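Trainee: Below is a structure I'd like to ask you about.
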Amino acid sequence: MKEKHLLSVLAEDEPGLLGRLLVMLTRRRIEMDSLSMAKTDINSVVLITAELLIDAADAKNLQLQISKIIEVIKTSLVPTGAILAQKLAFFKLSKDIMDAPQGNVVQKYGAQIISLYQDAFVISKAGTDAVITELYNKLEGEHLLGFAQTGMVADSQLLEGNDEWRISQLAA
């Protein structure tokens, strides 16, 4: 049975790396909900994070294949329910929502106003998929002018700073 997994790949930042990962996922017809790549505190190392819909048997095989890529330092592939993970969502709302019954939702969910326009404003909310979906459902309607969300960011095992490799890279 397929379930959501979070793939985290710590790798040397080399041209073509992301393309090779995408080819691996495409050939296996693995559904991807989100993908992000960001530099780490080590200049030449990136953290690639992908939210995948995959069954457990295929997940182990995929992780093994990815770990064979020469630039890959470490990989982690875990069910999303087994880790602390959040997304960031942006909602563009009409100012008229403040006069509507939905007006108190922004405060109730602890969203922050990050930008003001003449007839609209943008709020941001960090949270789990469930929290963001729930807030979206409360705001959906004529007052919701736009919506976007980031990929999943997680407390990954790859971010632990105790291993010898990481210490040697920081010292170099």
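Trainee: Local charge sum around residue 34 (other residues, Cβ-Cβ under 12 Å, Lys/Arg +1, Asp/Glu -1)? It would help to have the intermediate numbers written out before the result.
Mentor: On the way: positive: 4, 87; negative: 31, 33, 51, 129.
Once positives and negatives cancel, what remains is -2.
Trainee: Applying 1/(1 + (r/R0)^6) with R0 = 22 Å to the Cβ-Cβ distance of residue 99 and residue 128, what FRET efficiency is obtained, to the nearest 0.05?
Mentor: Efficiency, rounded to the nearest 0.05: 0.15.
Trainee: Also: Measure off, as a whole percent, the carbon and sulfur share of the 1.4 Å-probe accessible area of the range 1-97, all protein chains present. Please report the intermediate quantities before stating the final value.
Mentor: Working: 2810 of 5220 Å².
For the range 1-97, the apolar C and S fraction of the accessible surface comes to 54 percent.
Trainee: Which residue, chosen from 23, 90, 149, occupies the Cα position most advanced towards the positive end of the dipole of the chain, where the dipole is computed from +1 (Lys, Arg) and -1 (Asp, Glu) charges on Cβ about the Cα centre?
Mentor: The Cα lying farthest towards the positive end belongs to 23.
Trainee: For residue 118 and residue 33, FRET efficiency with R0 = 30 Å and r from the beta-carbon atoms, rounded to 0.05? Can you show the working numbers first?
Mentor: On the way: r = 35 Å, r/R0 = 1.15.
Here the calculated transfer efficiency is 0.30.
Trainee: Also, I was wondering about something else. Taking only Cα atoms, what is the 0 to 90° angle, nearest 10, from helix 56-67's long axis to the longest principal axis of the chain?
Mentor: Long axis of 56-67 versus the principal axis of the chain: about 60 degrees.
Trainee: Next question. At a Cα cut-off below 12 Å, give the aspartates and glutamates reachable from residue 74, other chains included and same-chain residues fewer than 8 away excluded.
Mentor: Reachable aspartates and glutamates: 12, 160, 163.
Trainee: Count neighbours as other Cβ atoms within 10 Å of each site's Cβ, and list the chymotrypsin sites (Phe, Trp or Tyr not before Pro) in the range 114-153 that are DSSP loop with at most 10 such neighbours.
Mentor: Values: sites: 117, 121, 136, 147; in loops: 117.
Taking the range 114-153 and a limit of 10 other Cβ atoms within 10 Å, no loop chymotrypsin sites (Phe, Trp or Tyr not before Pro) are found.
Trainee: Relative to the compact-globule scaling 2.2 N^0.38 Å, provide the ratio for the alpha-carbon radius of gyration of the chain.
Mentor: Against the compact-globule rule of thumb, the ratio is 1.24.
Trainee: Something else now. Over 24 Å between Cα atoms: which of 2/138; 39/87; 60/125 fall into that group? Don't skip to the end; give the middle numbers.
Mentor: Working: 2/138 29 Å; 39/87 18 Å; 60/125 33 Å.
From the list (2/138; 39/87; 60/125), the Cα-Cα distance tops 24 Å for 2/138; 60/125.
The values are calculated or read from the model by the stated rules, or taken from the named source; none is laboratory data. On a predicted model such as this, the values are computed, not experimentally measured, just so you know. So basically every Cβ, Gly included, is an ideal-geometry build from the backbone, and we count neighbours across all protein chains shown. Remember, those area values only see protein heavy atoms, side chains included, never the ligands or the DNA or RNA. Shrake-Rupley method; radii C 1.70, N 1.55, O 1.52, S 1.80 Å.
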